[in-house]
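Take a look at the structure below.
The values are calculated or read from the model by the stated rules, or taken from the named source; none is laboratory data. All values derive from a computational prediction rather than experimental measurement. Cβ coordinates were reconstructed from backbone atoms using ideal geometry, including for glycine residues, and neighbour counts include every protein chain displayed. Remember, those area values only see protein heavy atoms, side chains included, never the ligands or the DNA or RNA. Shrake-Rupley method; radii C 1.70, N 1.55, O 1.52, S 1.80 Å.
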Amino acid sequence: MSDQTYLSLENLSLAYGKTTAVKDLNLTIRKGELLALLGPSGCGKTTTMRAIAGLMNPVGGKIVLDGRDITHVPANKREIGLVFQSYALFPHLTVFENVAFGLRMKGVQGNELRQKVEAGLKSVGLLSFAERKATDLSGGQQQRVSLARSMVVQPKLLMLDEPLSNLDARLRLDMRSELQRLQKETGMTMIFVTHDQVEALALADKIVVMRNGAIEQIGTPEDIYNRPATDFVADFVGFENIFKLRDGKLIADGKEFALGAECPNAPGLAWRPGMVTLGEGPFSGTVLGVSFAGNIRGYVLDTPLGPIRAEVDAARPAYTLGEQVAFDLPVASAAPLHRVG
Amino acid sequence: MIRRLFTPLTLFLMMLFLIGPFLIIVAASFSAGETLAFPPQGFSFRWIIKVFTIESFRQSFGVSMFLAIGGTLAALILGIPASYAMSRYRLPFAETVRFLVSMPIIVPGIIVGLALLRYFVIPVGMSVTLALFVAHTALILPYAVRVVSASLANLRADIEEAAVILGSSRLGAFFRVVLPNIRGGILSAFILGFVTSFNQVPVSLFLSGPGVRTLPIDMLGYMENVFDPSIAALSSLLAFLSIGIVFAAERFLGFSRYV
Ligand SMILES: Nc1ncnc2c1ncn2[C@@H]1O[C@H](COP(=O)(O)OP(=O)(O)O)[C@@H](O)[C@H]1O
Ligand SMILES: [Mg+2]
């Protein structure tokens, strides 16, 4: 991984007709980095990828790859790989010919072609399927063919659209480690799209959280998980108790609540359920719901602050429905938000 | 009881009316007698053999083949890009184009033939062969557009984008991944167009000139003058040719999926 910017998007704006899908996106990626575009469905992840690949013309802004402005370079000259969410294999061709397609376009022939295709198929464990019809394979296998097809041409950048979301739970874990391995082995710069924060946190070197066509936060998985910048990101990564802050007091239900300690100067604070202290503290609430989840027990409390979600060690004695419980929102563990709403 | 017999009986009568005459024609073509009659007198191949010796049949068969193959190819050359454009892009006049393209099915063929004769052949001096060619192409075009559109609708658009990203031009992607994937539809359209053109009577009725007439028109003319079993023999041969083509198409291409 070098320190130099490899891909940069500068004020990139994208639209479908008159509807804006992405506005003023700014983003940089270094060589060899594995970047995740994370966000709920419809936030513009696929659109952004299509624009980087050249399948869509930006209405504004610039795309620079490896020091060259490629904003107006046609898609077939960009040398960027894209693994479609639908895999988009060529139904009339065998697995071998699918993988060979891009190499043939580059004029690779004969023995060299065979070797490269076979190496590609081997790296995804599908060498023995070379002569099958591509669309006769299972979903997971099709995806690996699609991956091999994109990788054998050694693109400058490889993008994957929701590579894990069409797979069942087992395959998803396999594919996750496979992607990680391939990226390590090839040192390829990769962008992958996901709406699943767990996947993004597990795989990426850097995460870009998107919302409504704009970037909400960019950071390492640790940044995103521990230091969400906005209430949207906080909610997305599991901070279920989020409050506005004014003059050092929590705002809930239009009322102000003083916290036990000195508040940081931030517009909001957020707590994961596990950060809420139960059994002592300045606040109190009624137990509305209890759920047992193995080593922890989750509670929903009805409080003057609104519903509070808490999780405690399941070994502790359980509170029962309707019971009054004292609780605290410790300022020390809270994540300060830079923007709320 | 009567109700239970009704359905099979209707079916039987329908088959009798549809297939009966055809069987009679087939039987009559093997007659050894001099006139077209049923039951046939004796058994021989003489009329089947005679068909191949009649010069005007040979000529009009050539014309019909030329029209069926040439007209269908022309209709496909026009129809494939049109279907592609209508399926992949939101064109401003797509509906109008679709309507115009299906006009030849809606307008009675005899009017198409008359119009071409009245406004092109007579005043402009367009050759009869060209007029026939234009008429048959126009007639086949709706089938070509329909069948090709149907197979394009079953083809994902993103495979073209995949091809482009892998280095192919847009046009190259059309030839490399679109055409190969709709070849079944194209072959089906070809067969449908071929058979439609070959069996076409009304459009061709007005469009015949010295030495230029299609086979069905020629057969009509022949029957008005000569009443021997050769016409039955030719009809049987054509029917078996059509059946053979459609059967082969179904067997190897799954023809009925596209029509
Ligand atoms: N072909 C299209 N035509 C019009 N609007 C579209 C099209 N594709 C996507 N959009 C809109 O653009 C926005 C972003 O979509 P997309 O990039 O597909 O989101 P994501 O991949 O994050 O789920 C959505 O609001 C979606 O409705
Ligand atoms: Mg998407």
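Tell me the per residue accessible area of the protein assembly as shown using a 1.4 Å probe; a whole number in Å² is fine. All intermediate terms of the calculation are to be shown ahead of the outcome.
On the way: 29730 Å² over 600 residues.
Counting only protein heavy atoms, the per-residue value for the protein assembly as shown is 50 Å².
Which is the longest part of chain B that has none of the chymotrypsin sites (Phe, Trp or Tyr not before Pro) sitting in a DSSP loop with at most 10 other Cβ atoms within 10 Å?
Longest run free of exposed loop sites: B:94-259.
Within 10 Å of each Cβ in peptide B:151-164, how many partner chain Cβ atoms are there on average? Round it to a whole number, please. Working shown, then result.
Values: counts 0, 0, 0, 1, 2, 6, 1, 7, 9, 2, 8, 15, 6, 10.
The mean count of partner-chain Cβ atoms within 10 Å per residue comes to 5.
Take the Cα of A:A318, step 7 Å along the line toward its Cβ, and report every residue of the stretch A:252-282 whose backbone nitrogen sits under 18 Å from that point.
What the label zone holds, given the 18 Å backbone N cut-off, is A:278-279.
If N is the number of residues in the stretch A:65-134, what value comes out of its Cα radius of gyration divided by 2.2 N^0.38 Å? Write down the numbers at each step before the final one.
Values: Rg = 14.1 Å, N = 70, 2.2 N^0.38 = 11.1 Å.
So the Cα radius of gyration is 1.27 times the expected 2.2 N^0.38 Å.
Which number do you get for Rg(Cα) / (2.2 N^0.38 Å) in the protein assembly as shown? Write out the running numbers ahead of the final one.
Values: Rg = 36.3 Å, N = 600, 2.2 N^0.38 = 25.0 Å.
That ratio works out to 1.45.
Assuming 0.36 nm per residue, please report the length gained on full extension of the stretch A:T135 to A:D247 beyond their Cα-Cα distance. Mind dumping the intermediate values first?
Details: separation 112, 0.36 × 112 = 40.32 nm, distance 6.13 nm.
Using 0.36 nm per residue and subtracting the Cα-Cα distance, I get 34.2 nm.
Take the Cα radius of gyration of the stretch A:5-234 and divide it by 2.2 N^0.38 Å, with N its residue count; two decimals is plenty. It would help to have the intermediate numbers written out before the result.
Details: Rg = 17.5 Å, N = 230, 2.2 N^0.38 = 17.4 Å.
Output field value: 1.01.
Before rounding to the nearest 500, sum -39500 (n - 2.57) across all DSSP H runs of length at least 4 in the protein assembly as shown and divide by the residue total; then give [θ] at 222 nm in deg cm²/dmol. Could you put the intermediate results ahead of the total?
Values: 20 runs with 266 residues, N = 600.
One gets -14000 deg cm²/dmol as the mean residue ellipticity at 222 nm.
Points 7 angstrom from Cα along the Cβ direction at B:Q59 and B:F38: gap in nanometres?
Result for the modelled spin labels: 3.2 nm.
Quick one: net charge around A:V208, please, counting Lys, Arg +1 and Asp, Glu -1 for every other residue with C-beta under 12 Å from its C-beta. Before the final figure, lay out each step's value.
Numbers: positive: A:K45, A:K206, A:R211; negative: A:E33, A:D205, A:E216, A:D223.
Result for the local shell: -1.
Measure nothing fancy, just the Cα-based angle from helix B:94-106's long axis to the longest principal axis of chain B, in degrees from 0 to 90, nearest 10.
0 degrees
Take the alpha carbon atoms of the stretch A:293-317, find their center, do the same for the stretch B:158-172, and report the distance between the two centers in whole angstrom.
The stretch A:293-317 and the stretch B:158-172 have Cα centres separated by 54 Å.
Can you tell me the FRET efficiency between A:S291 and A:F257 if r is taken as the Cβ-Cβ distance and R0 is 25 Å, rounded to the nearest 0.05? The partial results should precede the final answer.
Working: r = 26 Å, r/R0 = 1.04.
Result of the calculation: an efficiency of 0.45.
Can you give the percent of C-alpha pairs in the stretch A:137-214 whose distance is more than 16 Å? Mind showing how you got there, number by number?
Values: 1523 of 3003 pairs.
Everything past 16 Å amounts to 51 percent.
Per the Kirkwood definition applied to all pairs of different Cα atoms, how many angstroms is the hydrodynamic radius of the stretch B:52-134? Please report the intermediate quantities before stating the final value.
Numbers: mean 1/r = 0.0658 Å⁻¹.
Over the stretch B:52-134, the inverse of the mean reciprocal pair distance is 15.2 Å.
Need one number: % antiparallel among DSSP beta bridges in the protein assembly as shown, to the nearest 5.
Details: 57 of 74 bridges.
Bridges in the protein assembly as shown that DSSP calls antiparallel: roughly 75 percent.
What is the Cα centroid distance between the stretch B:122-147 and the stretch A:123-177, reported in whole angstrom?
After rounding, the separation between the Cα centres reads 49 Å.
Reported to two decimal places, what Rg/Rh ratio describes the stretch A:240-337 when computed on Cα atoms with Rh from the Kirkwood expression?
Values: Rg = 13.2 Å, Rh = 13.6 Å.
So for the stretch A:240-337, dividing Rg by the Kirkwood Rh gives 0.97.
Relative contact order of the stretch B:14-94: what whole-number percent is it, with Cα pairs under 8 angstrom and at least 6 residues apart?
Details: 43 pairs, mean separation 11.9, N = 81.
With pairs under 8 Å counted, the relative contact order is 15 percent.
Sequence neighbours fewer than 8 away in the same chain don't count; with that in mind, list the lysines whose C-alpha is under 26 Å from A:K244.
A:K255
Which lysines does A:K184 reach when only Cα atoms under 27 Å apart count, and residues fewer than 8 places away in its own chain are ignored?
In chain and number order, the partners are A:K31, A:K45, A:K77, A:K106, A:K116, A:K122, A:K156, A:K206.
What residues in the stretch A:60-76 lose 10 Å² or more of accessible surface when the other protein chains are added to their chain alone (1.4 Å probe)?
Listed in order, they are A:A75, A:N76.
What translational diffusion coefficient, to the nearest whole µm²/s, does chain B have by Stokes-Einstein, given a Kirkwood radius computed over alpha-carbon pairs, a temperature of 4 °C and 1.567 mPa s viscosity? Present the calculation step by step, with values, prior to reporting the outcome.
Values: Rh = 21.0 Å.
So the translational diffusion coefficient is about 62 µm²/s.
Can you compute the modelled spin-label distance between B:F247 and A:D196, with each label point 7 Å from Cα toward Cβ, in nm?
Each label point lies 7 Å from its Cα, and together they span 5.4 nm.
Consider a paramagnetic label point 7 Å from the Cα of A:T186 along Cα→Cβ; state which residues of the stretch A:24-50 have an amide N under 15 Å from it.
Residues passing the 15 Å test: A:32-35.
Find the sum over both chains of the accessible area lost when B and A are paired, probe 1.4 Å, and report it in Å² to the nearest 100.
Looking at B and A, the buried total is near 1600 Å².
What are the GluC sites (Glu not before Pro) within the stretch B:1-98 that DSSP puts in a loop, where the Cβ has at most 14 other Cβ atoms within 10 Å? Numbers along the way, then the final one.
On the way: sites: B:E34, B:E55, B:E95; in loops: B:E34.
Those that pass, being in a loop and sparsely packed, are B:E34.
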